[in-house]
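One structure below.
None of the figures in this text is laboratory data; all of them are computed from the coordinates on show. From a predicted model like this one, the values you see are computed outputs, not experimental measurements. Every residue, glycine as well, gets a Cβ built from its backbone with ideal geometry; the counts of neighbours run over all protein chains shown.
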Amino acid sequence: MSPTIFVVAATGTIGKALALDLRKIGWGVHVTVRDPASPAATELASAGVKLFPGDWDDEKALKDGIAGCDGLFLNLMPSFTDWDADIRQGKNIVSIAKAAGVKHVIYSSGIKGLLKGINPNGLVSKFVSNKKIIEGAVRAAGFEAYTILRPAAFMANWLAPKVAMYRGLADTGTFHAVLKPDTVIFSVDEHDVAAFSIAAFKDPARFNGQDISVASETHTTEEVLKSLSQAIGRPIKGNYLSDEEALELAKTDPLTEGQLASRQISEHFNMEDVRKWGIPLHSFQEFLEREKASVQETYSRLL
């Protein structure tokens, strides 16, 4: 009998990719959804995913969904209105999974280590801190196996709805960036994160206790913009802020703060280490070709 995995945030980028890819290999998938009638939830249900209406604070929905599952994929984000929500929810989900007899937990965490020069009271620091606390709960819970994955920046960030973090890009074709033209960006295709997760669930002994930074490809900021330009047939240009402008804007804009932090991401990833796992990876060009319809829709105002 095929295993069943409880996937947290299954209507999001990683969770949805994993849920659908698990179903493609015939595994059972349980998820909670706030709105079973939403397009994402409907797509999951059509693929055979079992939906449990409720959110991550719904004790009954979580217990019902996790019951009978062999594995847990945990992926949470801090809330902008309740900064401790993800810690509370993460610890509770881990506790429920342990009590339900879940054997293997995979946690999608943040980068490993501290980011230099980042506001200790800002969004990025809180994001990293919360991830670290939940990670500690996973490690200490006593599961038969656990695996920590640390995804790079998602290629999907350049598509709607996530592209909204790059204000005006999809509407004007200009990327107002605190990155440098030659900043090295480590990007990841969400289906590559799913592939690592599935490999781990299939071979828990190999992946038990492993801490893996996952990326699919490296490119500079200008190379990303060139690829986007080629995909839509229209130029995407970079407007690069000075360090002084970026630091001033970051004081009041968490998205700018996040971009500043991402300048350091290359210190936390090594493509040679990623490739050693032997899991096929997708390029940004392959991602854009696969997501051609979404690319066209995202940048439709420029066409």
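Using alpha-carbon positions, what is the distance between the centroids of the stretch 156-224 and the stretch 13-80, in Å? The distance from the Cα centre of the stretch 156-224 to that of the stretch 13-80 comes to 22 Å.
Relative to the compact-globule estimate of 2.2 N^0.38 Å, the Cα radius of gyration of the stretch 171-211 comes out at 1.90. Only Lys, Arg, Asp and Glu carry charge here, each on its Cβ (+1 for the first two, -1 for the last two); on that basis the stretch 1-143 has a dipole of about 500 debye about its Cα centre. Name the residues of the stretch 242-270 whose amide N is less than 19 Å from a point 7 angstrom out from the Cα of residue 172 along the C-beta direction? Taking a point 7 Å out along Cα→Cβ of residue 172, the residues of the stretch 242-270 whose backbone N falls under 19 Å are 242-260. Under 5 Å from the amide H of residue 146 lie the amide H atoms of 105, 209, each residue being 5 or more positions distant or on a separate chain, with H modelled from the backbone and absent for Pro and chain starts. Percent of C-alpha pairs per 10 Å bin in the chain, short distances first: 6, 26, 35, 25, 8, 0. For the stretch 1-143, the alpha carbon positions stretch 48, 34, 27 Å along the principal axes, listed from largest to smallest. The calculated FRET efficiency for residue 285 paired with residue 45, based on their beta-carbon distance and R0 = 30 Å, is about 0.40. Could you estimate the translational diffusion coefficient of the stretch 102-225 from the Stokes-Einstein equation, with Rh from the Kirkwood formula over C-alpha pairs, at 20 °C and 1.002 mPa s, in whole µm²/s? The diffusion coefficient I find is 131 µm²/s.
Using DSSP, restrict attention to beta bridges with both residues in the chain and report what percent are antiparallel, rounded to the nearest 5. Once the DSSP bridges in the chain are tallied, antiparallel ones form about 10 percent. Along the Cα→Cβ direction, 7 angstrom out, place labels at residue 270 and residue 251. What is the inter-label distance in nm? Modelled inter-label distance: 3.9 nm. Looking at the calculated P(r) for the stretch 179-238, what percent of the C-alpha pair distances fall above 14 Å? Everything past 14 Å amounts to 66 percent. Summed over qualifying helices (DSSP H, 4 residues or more, each -39500 (n - 2.57)) and divided by its residue number, the chain shows a 222 nm mean residue ellipticity of -12500 deg cm²/dmol. The label point for residue 293 and the one for residue 139, both projected 7 Å from the Cα toward the Cβ, are 4.3 nm apart. Taking amide H as placed 1.01 Å from N in the peptide plane, the amide H of residue 185 sits under 5 Å from that of 219, 220, 221, each at least 5 places away or on another chain.
With an 8 Å Cα cut-off and a minimum separation of 6 or more residues, compute the relative contact order for the chain in percent. Worked out over the chain, it gives 17 percent. The GNM of the chain, with springs linking C-alpha atoms under 10 angstrom apart, assigns the highest mean-square fluctuation among 140, 246, 97 to 140. Comparing 232, 25, 134 in a Gaussian network model of the chain, where Cα atoms under 10 Å apart are tied by springs, the biggest mean-square fluctuation is seen for 25.
Taking max minus min of the alpha-carbon positions on each principal axis, the stretch 41-114 gives extents of 40, 27, 22 Å, largest first.
Between residue 226 and residue 95, residue separation times 0.36 nm minus the direct Cα-Cα distance comes to 42.5 nm. Here the chain is assigned +1 on the Cβ of each Lys and Arg and -1 on the Cβ of each Asp and Glu. Its dipole about the Cα centre then comes out at about 500 debye.
Pairs with C-alpha atoms separated by more than 26 Å, drawn from the list 24/292; 103/162; 16/63; 112/226, are 103/162; 112/226. Other residues within the sphere of radius under 11 Å centred on the Cβ of residue 154, judged by their own Cβ, net out at -2 (K and R +1, D and E -1).
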